[in-house]
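Take a look at the structure set out below.
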Amino acid sequence: MNLIIQANHDIPADHLDQLLNLSLASRIEQIAPHAYRLRQSRPQDTVASFCYEHQLDYGFVREGQHLSDFGLVVMDMDSTLINIECIDEIADMQGLKPQVSAITEAAMRGQIDFAESLRRRVALLEGLDENALNRVYDERLQLNPGAKLMLAELKKHGIKTLLVSGGFTFFTERLKTRLNLDFAHGNTLEIINGKLTGQVLGDIVDAQTKANWLMHTRDELALQGEQVIAIGDGANDLKMMTQAAISIAYHAKPIVRSQASFAFNFVGLDGLINLYA
């Protein structure tokens, strides 16, 4: 195995030396300004605790595995590809952000069924002018660090991208066009006479639906299971992440970090590039 160490800051030489000893690696190679590959490492529990203490992200990657080995990357939207929870910011336009955010957090931790939590949150938005959605997109929505670099590298290798979200098609479709993503799915807010009705149209994209879209897209592209990567941050992403060969918890809840192949606690989404450089 190779041990990949990366951070959003310079990594001191003595930290790398300690990791070399902890992982019993043969040598260190720099692969990016803040990323290193420790060759022929052996997985050790002590590496995880050392890295977390020093704000380093790590991953044990099979020797000879490269980004070009994959064919599909599936991403959550809110707090994964983008920096906000869209529904929380929409609620802020109504002065209801604390109430909605509390429900969002409970759902992300897996304490409330996602579909029920979404219905409860959307119901609070009844009567809101649809222009609020435009304002959230234009004024508050930003891509998370490293997103553009990651997507450019995926495109370079011909890897397809699927954005699948428990959020709303108002945002997923705009991001699909803006970022030239291959596929996107989300929930549709009902809007009548320019006002949100507080209802969601059709079946809700929940955890199982996300997993289903991953499998459907994988099969449509005639890919094998080992060619799929999934990236998410909340409990609603766990089912789709289990369907991928590689799962990445991006600045995620503890329940997601504990079940993912890798956790990016400090670096941006471009950390994916360094894992398989």
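Nothing in this text is a laboratory measurement; each read-out follows from the coordinates by a stated rule. Just so it is clear, the structure is predicted and the values come from calculations on it, not from any experiment. Glycine gets a Cβ as well: all are built from the backbone with ideal geometry, and neighbour counts include every protein chain shown.
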For region 1-64, using Cα atoms only, the Rg and Dmax in Å read 10.2, 29
Expected vector for region 134-151, Karplus 3J(HN,Hα) from phi with 6.51, -1.76, 1.60 and θ = phi - 60°, integer Hz, x for Gly and Pro, equals 4, 5, 4, 5, 6, 9, 10, 6, 9, 6, 6, x, x, 4, 5, 4, 4, 5
Computed over the chain, the relative contact order (Cα-Cα under 8 Å, seq sep at least six) in percent reads 22
The pairs in K210/K253; K97/K210; K156/K176; K97/K253; K160/K210 lying past 23 Å Cα-Cα in this model are K97/K210
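So what is the relative contact order for region 1-64, in percent, with contacts set as C-alpha pairs under 8 Å and at least six apart?
47
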Placing one equal point scatterer on each C-alpha of the chain and summing with Debye, one gets log10 I(q)/I(0) at q = 0.10, 0.12 Å⁻¹ equal to -0.53, -0.75
Binned at 5 Å starting from 0, the alpha-carbon pair-distance distribution of region 155-277 in whole percents comes out as 2, 11, 18, 21, 22, 14, 6, 4, 2, 0, 0
Checking rank on 70-79, 263-272, 238-247, 136-145, with mean other Cβ inside 10 Å and highest first, the result is 70-79, 263-272, 238-247, 136-145
If each part is reduced to its alpha-carbon centroid, region 152-210 and region 5-54 end up apart, in Å, by 37
Only helices counted: for the chain, with every DSSP H run of 4 or more residues adding -39500 (n - 2.57) and the sum spread over all residues, [θ] at 222 nm is -10500 deg cm²/dmol
